[in-house]
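See below for the structure under consideration.
The values are calculated or read from the model by the stated rules, or taken from the named source; none is laboratory data. What you see is a predicted model; the values in this text were computed from it and never measured. Every residue, glycine among them, receives a Cβ derived from its backbone with ideal geometry; neighbour counts consider all protein chains shown. These accessible areas exclude ligands, DNA and RNA; they are computed on the full protein's heavy atoms, side chains included. Shrake-Rupley method; radii C 1.70, N 1.55, O 1.52, S 1.80 Å.
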Amino acid sequence: MLFRSACFVIAAAVIAQTLGAQTTWVVPTQAPSLQAAVNLASPGDVVTTAPGFVDTTANITINKALTLRDCTISIPWIPDGLNSSYGVIVTGISGGDTIRLLRLNIADESLSATRWGARSVGVSIALPTGASGRLSLEAVVVRAGMGRQAGTALSIASTGSTKLYVRNSQ
């Protein structure tokens, strides 16, 4: 009877841990790019990169509650210079959930901000009217590459009724 009770307690603990488990997705180990990892992630998961890895795909779109942590993103040069480039684009959040951007370094390697009039943006926030929750940017740094002036560090088109927190960012 004691053995059966112990097995039940262990099984219940494993099920509870699995149901509420948070997965950490490491790029490029578990996904080839930050966008691929974001697409694979479930709400509440963490997406990060291996030390020294730089994601050069940019335009990383987040539309669910997760944490993007300790990542370096390079906004690439676009040869036609006609389109805007983004480091991270936040397009959705719901139900009081939280999206955290924590310790991100976004390097603007594009020429679009100064050469053709298209713009580069480190973080773009464009949430629908019904969006609600928290969006937290902590230690997010956007810098120009190769000595040029960067485009826009943070662009806020709309936040719905989401609370926006920005700390130690530049």
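Annotations for the structure displayed:
- When each of A65, A31, A37 is tested for being in contact with a Phe, Trp or Tyr (Cβ under 8 Å, 6 or more places away or on another chain), surrounded by 15 or more Cβ atoms within 10 Å (Cβ to Cβ) and in a loop (DSSP other than H, G, I, E, B), the lone residue that passes is A31.
- Condition met for R115 (modelled with pLDDT under 75 and open to solvent by 30 Å² or more (accessible area, probe 1.4 Å)): yes
- Whichever residue in the stretch 68-108 is in a loop (DSSP other than H, G, I, E, B) and polar (S, T, N, Q) and, among such residues, is modelled with the lowest pLDDT: N83
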